[in-house]
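A.B. asks: Before we start, here is the structure in question, set down as structure tokens.
The values are calculated or read from the model by the stated rules, or taken from the named source; none is laboratory data. The structure displayed is predicted, hence computed values, not measured ones. With ideal geometry, Cβ positions are generated from the backbone for all residues, glycine too; neighbour counts draw on all protein chains shown. Each accessible area value is taken on the protein alone, full model and side chains, heavy atoms only, with ligands, DNA and RNA left out. Shrake-Rupley method; radii C 1.70, N 1.55, O 1.52, S 1.80 Å.
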Amino acid sequence: MEYIIAIFIGLLYACGVYLVLRRSIVKVILGVFVLSNATNLIIFLSGGITRGGAAFIPEGAETVDPATISDPLPQALILTAIVISLGISAYILALKYRYFDVTGTHDLDQLKNTDQR
Amino acid sequence: MDNLLSLLIALIFLAGFATPLIHKLAGKKTGLLLAIVPLSLFIVLLLELLQLAPRESALLQTSVSLLPGMDFAFRIDGLSLIFGLLISGIGTLVLLYAAFYMAKYERQAHFFTYLTLFMGAMIGLVFSDNLMVLFIFWEITSVTSFFLIGFDHHVDKSRQAALQALLITGFGGLCLLFAVILTGNITGTYVISELLQQSIHLGNHPQYYLILALIILGAITKSAQFPFHFWLPGAMQAPTPVSAYLHSATMVNAGVFLLMRIYPIMGGTMPWKYALMITGGITMFLGAFFSMGQRDFKRILAFTTISALGTMILLIGIDTTSSLKAALVFFIVHGLYKGGLFMIAGIIDKTTGTRDIYDLHGLGRQLPLTAAVTLLALVSMAGLPPMLGFLGKELIYEAKMQLPDVAWLVLPLSVGANIMMVAISITVYYELFFRRKNKAAITLKYRERELPFYFLAGPVLLAAAGLFLGISPAFLELPVGNGLFFMGALTGSIQLSLWHGFNEVLRLSIFTVLSGISVFMLRAPITRFIQKMVRWFDQWPLPTLFTQLINKYLTAAAKNTNLLQHGYHRFYLLTFFLAVIALMGLQIFRITEIDLPELAASPLKIHVALLLLVTAGAVIYAVFSSSRLSAILAMGVVGYGIALLYLYYGAIDLAITQFLAETVLMVLFVMVIYYLPAFAVLSSRKSRLRDGLISLGVGTFITLVVLKAKFLNLETPISEYFAARAYTEGHGRNIVNVILVDFRALDTMGEVTVLILAAAGVYSLFRFQIKTLKKKKQNKA
């Protein structure tokens, strides 16, 4: 299982990097989505890939045996990451929209000289 | 008394910053008003000097501290008092002088601000008891002198000269900083008094040569020694009061001061001796030699300054008690006559409109006072009695004759330089003041009586001081003796007298004077010869070489920057990814051999594998799809696939969040995509292949890292802490939620802030759009 998941993450990274290296800005944005998803996945699986129960404390009990649940800490971190990447993605999209509206191009190579010359 | 001194030093800076205000109130009298500050400092220093015992130094602690270990404390001993007296005394006269000289200049407020700050920095430099603080003042003098030299900034030459001076002295400043830090690291203190008290000598330390080289570089760049001498003749582009000040008591003398100050800590070794003797000797001779070939009075003086500084450096390098004594006395001598002579050059420039000595003649009758004062100053420069210059020169000869091994080389160089000094003194005086029958009298713009007294006060008082100290040099015994004591000389008291018997030294002096007179007699061929030499020398013009070097450096830097900062987004990323693969990959292989986990670590789950397969297919499809909409939908499939994976591994909250976020994002994307252009293949096949290879490399590398980490099974995850306390302390049963809103609430707060900012950004970006659309519609209508 480890092999398959590792290769899967590697594949996500490869696709993300390939997209990020494109000249079209839409593809770059897609690449950023893929990369952030893949990174979340690494963090999540760093807690071990043994399947555990949901990180709940059952009714009536005060604590829960950590061995029986999936690690709650990476989950909390990733939850934050997902929400932030949602915000940033929305912002990038809006920016991209505006940028295309102003410049009329989606080719990054034509963007390189805005601040000089 | 002591507090008064600290206050006065602070007051100079205060006055400097307040100068624009003073100028508004006082107008043309600014210089006169400002002169009060250095004058009072001068008086206080004089009183301080009277209190000083031969082997005593005083330390003024102030409560001001830059950083721990970098306190502003002022050290008062013979050395700093001599320098301080000259700086404040000549500073007073220069301010008075400038009040008239600069009267018709624009931006006088600027001028006096720079000049006063420069003065303050120089005072701070000589009195500071901390090497770091000394360095800071050293740099302030470089910066303020940059503004002063380039004061006529509409003239191209001035700007160039200023830049040159700044770059050279700035380079020296960096060397000094480096040396100071190294010294501080070795000795554990930057405080000069402690260094002197502990009598630490760095001579045996392995880094000694490095420190010494850096210190000497710092000193000789500041003091305009060969081969860095060329910035000083250039610096005469500054208004004359500035030149008078830079040359006589400040700036170039800072290098001499530095060497004297650190002499007990690192002086007296063989490399010290030879480095200083060679640089000083060459500079001394070349400066005096080339001064004869110049026509411009200020330029002649600039070259004699270079020569005089060479003499001082040489004397410090000779390193005997008598040579250090000679150096210290000669600093006073030089300050007094050079300050006066520059001011006279300014007076002649003002009255006649030219500084070319060969265009002038017969001024003796028209400017009698100036002629008399010039005579005294030039007598001092030539080293003739009864001026202090005679004493200085005698001491120098005496020191050099006592030199054990290299007297045969140093002495002829020194005598040669002095012969040229005598000759140039006579030449200058003859050309300026003697009458020529076949030439018409020079018409003057001002007569001497029309000049205000404070304009003439400078040269008159300086010449008088030279004469007075020459006749009664006993007044110098105390400060010079004290200064020498703190330079490591055994005795704290010395005797100085103008007449010290008919001995070898005096015979040499007489020989010098006679030779000087004969050089003057034969000056026509000699001047021609020197001018030829100067031209020959100019085949390798150092200033031009220097400018070229700077320009080449700038071009290379620009090329380099253009190469690295090409502006192509994807090439930056390319560089980044390649570097990551190369460096981190190397590191992973280096630490341990690849040690992959057992394949059977956990059994293969068919449904999970299927999920991964579908997601992988979706992501590959998203990459290669030529339709925007299907690429986005495929991306949605990837997001949902990962959400399902979270769900399978028990992370319910994550799964829910991922579903929601992915949905919102899809909606947004689809909304925007309508306005975006269709996908187009922009890059060539070759670059796609290259990118593909690099992405595969990154993917493989990440896979290896993930496997290598074995999913990071740490020994004691801190999650147990959260699991145990989520209910008892956080009062919630969903541990993830409790972590988010309770244990790590600040993180969540940050997250909310990011969301709000993003929302504000999105809103404003769209709002703009609406406005422009409305405008467009209006335009159409």
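A.B. asks: Suppose every K and R has +1 on its Cβ and every D and E has -1 on its Cβ; what is the size of the dipole of chain B about the Cα centre, in Debye to the nearest 20?
C.D. replies: Numbers: 56 positive and 37 negative charges, 753 e Å.
Here the size comes out at about 3620 debye.
A.B. asks: Also, quick follow-up: Given the Cα atoms of chain B, and with Rh set as the inverse mean 1/r over their pairs in the Kirkwood sense, what is Rg to Rh to two decimals?
C.D. replies: Working: Rg = 37.7 Å, Rh = 32.0 Å.
So for chain B, dividing Rg by the Kirkwood Rh gives 1.18.
A.B. asks: Next question. Between A:G53 and residues 5 or more places away or on another chain, which pairs have amide H atoms under 5 Å apart, with H built 1.01 Å from N, and which residues are they?
C.D. replies: A:I69, A:S70
A.B. asks: Same structure again: Using mean Cβ contacts within 10 Å as the protection proxy, how do B:509-517, B:751-759 order, highest first?
C.D. replies: With the highest mean Cβ count within 10 Å placed first, the list reads B:509-517, B:751-759.
A.B. asks: Moving to a separate point now. I'd like the mean, over residues of B:653-661, of how many other protein chain beta carbons sit within 10 Å of each residue's own Cβ. Don't jump to the answer; show the numbers that get you there.
C.D. replies: Working: counts 7, 11, 2, 1, 8, 6, 0, 3, 9.
Taking all residues of B:653-661 together, the mean is 5.
A.B. asks: Further question: Does anything in segment B:399-413 have its amide N under 18 Å from the 7 Å Cα→Cβ label point of B:L506, and if so which residues?
C.D. replies: Residues passing the 18 Å test: B:399, B:401.
A.B. asks: Once phi is turned into θ = phi - 60°, what whole-Hz ³J(HN,Hα) does the Karplus curve with 6.51, -1.76 and 1.60 give for every residue of segment B:130-141, x standing for Gly and Pro?
C.D. replies: 9, 4, 5, 5, 4, 4, 4, 5, 4, 5, 5, 4
A.B. asks: Another one. How compact and how long is segment B:605-676, expressed as Rg and Dmax of its alpha-carbon atoms in Å?
C.D. replies: Values for segment B:605-676 (Cα only, Rg and Dmax): 13.1, 43 Å.
A.B. asks: Starting from the Cα of B:K439, draw a straight line to each of the aspartates and glutamates and keep only those under 13 Å, dropping any in the same chain fewer than 8 residues away.
C.D. replies: B:D359, B:E431
A.B. asks: For the protein assembly as shown, give the magnitude of the charge dipole about the Cα centre (Cβ charges: +1 Lys/Arg, -1 Asp/Glu; no others), in debye to the nearest 20.
C.D. replies: Values: 64 positive and 46 negative charges, 916 e Å.
Using only the charged Cβ atoms, the result is roughly 4400 debye.
A.B. asks: Could you pull out the pairs from B:K157/B:K350; B:K273/B:K552; B:K338/B:K532; B:K104/B:K532; B:K157/B:K552 whose alpha carbons sit more than 30 Å apart here? Spell out each step's value before the answer.
C.D. replies: Values: B:K157/B:K350 21 Å; B:K273/B:K552 35 Å; B:K338/B:K532 27 Å; B:K104/B:K532 39 Å; B:K157/B:K552 20 Å.
Table pairs above 30 Å Cα-Cα are B:K273/B:K552; B:K104/B:K532.
A.B. asks: To continue, here is another question. Once R0 is set to 60 Å, what does the formula 1/(1 + (r/R0)^6) return for the Cβ-Cβ distance between B:Q160 and B:V670, expressed as a FRET efficiency to the nearest 0.05?
C.D. replies: On the way: r = 63 Å, r/R0 = 1.05.
My answer for the efficiency is 0.45.
A.B. asks: Where does helix B:523-537 land angle-wise versus the long Cα axis of chain B, in degrees 0 to 90, nearest 10?
C.D. replies: 10
A.B. asks: Which far-off residues, 5 or more places away or on another chain, put their amide H under 5 Å from the one on A:D107, with H placed in the peptide plane?
C.D. replies: The answer is none.
A.B. asks: Give me the angle, in degrees from 0 to 90, between the Cα long axis of helix B:542-564 and the longest principal axis of the Cα atoms of chain B, rounded to the nearest 10.
C.D. replies: 0
A.B. asks: Further question on the same structure: Quick one: length gained pulling B:I517 to B:L21 fully straight, 0.36 nm per residue minus the C-alpha distance?
C.D. replies: Details: separation 496, 0.36 × 496 = 178.56 nm, distance 5.24 nm.
The span from B:I517 to B:L21 would gain 173.3 nm if fully extended.
A.B. asks: Next up: What ranking do B:687-699, B:440-452, A:17-29 get when scored by the average of other Cβ atoms within 10 Å per residue, highest first?
C.D. replies: Numbers: B:687-699: 17.2, B:440-452: 12.1, A:17-29: 22.6.
The packing order, highest mean first, is A:17-29, B:687-699, B:440-452.
A.B. asks: Can you work out the Karplus-derived ³J(HN,Hα) for every residue in segment B:727-743? Use 6.51 cos²θ - 1.76 cosθ + 1.60 with θ = phi - 60°, whole Hz, and x for glycine or proline.
C.D. replies: Per-residue couplings from phi come out as 8, 5, 10, x, 6, x, 9, 8, 4, 4, 5, 5, 4, 5, 9, 10, 5 Hz.
A.B. asks: Next up: Do the sum for chain B: with -39,500 (n - 2.57) for every DSSP H run of n ≥ 4, divided by all residues, what is the mean residue ellipticity at 222 nm, to the nearest 500 deg cm²/dmol?
C.D. replies: Details: 32 runs with 570 residues, N = 781.
After summing the helix terms and dividing by residue count, I get -24500 deg cm²/dmol.
A.B. asks: How far is it, in nm, from the label point at B:I620 to the one at B:F766 when both lie 7 Å from their Cα along the line to the Cβ?
C.D. replies: Here the modelled spin labels are 3.7 nm apart.
A.B. asks: Whose amide H sits under 5 Å from the amide H of B:I76, counting only residues 5 or more places off or on another chain, with H placed in the peptide plane?
C.D. replies: B:A58, B:L59, B:L60
A.B. asks: Under a point-charge model restricted to the Cβ atoms of Lys and Arg (+1) and Asp and Glu (-1), what is the dipole moment magnitude of segment B:600-703 relative to its Cα centre, in debye to the nearest 20? Mind showing how you got there, number by number?
C.D. replies: Numbers: 6 positive and 3 negative charges, 98 e Å.
So the magnitude is around 480 debye.
A.B. asks: Convert each backbone phi in segment B:286-303 into a coupling constant with the Karplus relation 6.51 cos²θ - 1.76 cosθ + 1.60 (shift: θ = phi - 60°), then list the ³J(HN,Hα) values in order as whole Hz, x for Gly and Pro.
C.D. replies: Result, ordered by residue: 4, x, 5, 4, 6, 4, 5, x, 8, 10, 6, 4, 5, 5, 4, 5, 4, 5 Hz.
A.B. asks: Now a separate question. Given a Förster distance of 22 Å, report the FRET efficiency between B:I588 and B:L693 from their Cβ-Cβ distance, rounded to the nearest 0.05.
C.D. replies: Details: r = 20 Å, r/R0 = 0.89.
E between B:I588 and B:L693, to the nearest 0.05, is 0.65.
A.B. asks: Also, quick follow-up: Could you work out, residue by residue across B:571-582, how many beta carbons of other chains sit within 10 Å of that residue's beta carbon, and then give the average as an integer?
C.D. replies: Values: counts 3, 0, 5, 3, 0, 0, 3, 0, 0, 0, 0, 0.
Partner Cβ neighbours, averaged per residue: 1.
A.B. asks: Run the quick spin-label model on B:L14 and B:T321: label points 7 Å from Cα toward the beta carbon, then report their separation in nm to one decimal.
C.D. replies: Inter-label distance under the simple model: 4.4 nm.
A.B. asks: Considering every residue in B:748-760, what mean count of other chain Cβ atoms within 10 Å of its Cβ is obtained?
C.D. replies: Values: counts 4, 0, 2, 7, 3, 2, 8, 7, 1, 3, 9, 4, 1.
Whole-number average of other-chain Cβ neighbours for B:748-760 is 4.
A.B. asks: What figure in square angstrom, to the nearest 10, would you give for the accessible area of B:Y572 with a 1.4 Å probe?
C.D. replies: Number for this one is 90 Å².
A.B. asks: May I pose another question? What does the helix-only formula give at 222 nm for chain A: each DSSP H stretch with n ≥ 4 adding -39500 (n - 2.57), the total divided by the residues, and the result rounded to the nearest 500 deg cm²/dmol? Can you show the working numbers first?
C.D. replies: Values: 3 runs with 72 residues, N = 117.
My calculation for chain A gives -21500 deg cm²/dmol from helical runs alone.
A.B. asks: Would you calculate the separation in nanometres between label points at B:A524 and B:F453, each defined as 7 Å from the Cα along the Cα-to-beta-carbon direction?
C.D. replies: 4.6
A.B. asks: Compute the helix-to-body angle for B:569-591: its Cα long axis versus the longest principal axis of chain B, expressed 0 to 90° and rounded to tens.
C.D. replies: 80
A.B. asks: Another one. Among B:461-470, B:609-618, B:342-351, how do they line up from the highest to the lowest mean number of other beta-carbon atoms within 10 Å? Present the calculation step by step, with values, prior to reporting the outcome.
C.D. replies: Working: B:461-470: 21.6, B:609-618: 16.8, B:342-351: 24.8.
Listed from highest to lowest mean packing, they are B:342-351, B:461-470, B:609-618.
A.B. asks: A further question follows. Can you tell me the length gained on complete extension of the stretch B:K29 to B:I581, counting 0.36 nm per residue apart and subtracting the Cα distance?
C.D. replies: Working: separation 552, 0.36 × 552 = 198.72 nm, distance 7.01 nm.
Extending this stretch completely gives an extra 191.7 nm.
A.B. asks: Given the options A:T63, B:G364, B:F289, identify the residue whose Cα lies farthest towards the positive end of the charge dipole of the protein assembly as shown (+1 on Cβ of Lys, Arg; -1 on Cβ of Asp, Glu).
C.D. replies: Value: B:G364.
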